[in-house]
1. When segment 1-41 is examined, which residues are found to be free of Cβ contacts under 8 Å to residues at least 60 places away in the same chain, more than 10 Å from the ligand (Cβ to nearest atom) and among the polar types (S, T, N, Q)?
2. Going through Asp47, Asp53, Asp36 one at a time, which residue ends up being within 14 Å of His12 (Cα to Cα) and either modelled with pLDDT of 95 or more or surrounded by 19 or more Cβ atoms within 10 Å (Cβ to Cβ) (or both)?
3. Quick check: is even one residue across segment 60-68 basic (Lys, Arg) and either within 10 Å of the chain's Cα centre (by Cα) or modelled with pLDDT under 95 (or both)?
Amino acid sequence: MTETTISVPDIHCNHCKMSLEGALGKVAGVKTASVDVPSATISVTFDAPATMDELVAAIEGQGYEVIRG
Ligand SMILES: [Cu+2]
């Protein structure tokens, strides 16, 4: 199990939270995805076949830019 925190500065409201958690939840291998609106970050736990690149692609697919850290 890999746990990561992804910074997505454009997260600003509950709608962002719902759409991003929904998109990440559809990525095979993702166990949990939790958006924290005040800090504009997403905590994700995942296993194979999910990869960091796929998580980023799912986020970008919703129209958000990811800050890679
Ligand atoms: Cu929003």
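The values are calculated or read from the model by the stated rules, or taken from the named source; none is laboratory data. Note that the coordinates shown come from a computational prediction; the quantities given were computed from them, not determined experimentally. Every residue, glycine as well, gets a Cβ built from its backbone with ideal geometry; the counts of neighbours run over all protein chains shown.
1. Thr2, Thr4, Thr5, Thr32, Ser34, Ser39, Thr41
2. Working: Asp47 fails: within 14 Å of His12 (Cα to Cα); Asp53 fails: within 14 Å of His12 (Cα to Cα).
After ruling out the rest, the residue left standing is Asp36.
3. Checked against the condition, which is being basic (Lys, Arg) and either within 10 Å of the chain's Cα centre (by Cα) or modelled with pLDDT under 95 (or both), segment 60-68 yields at least one hit.
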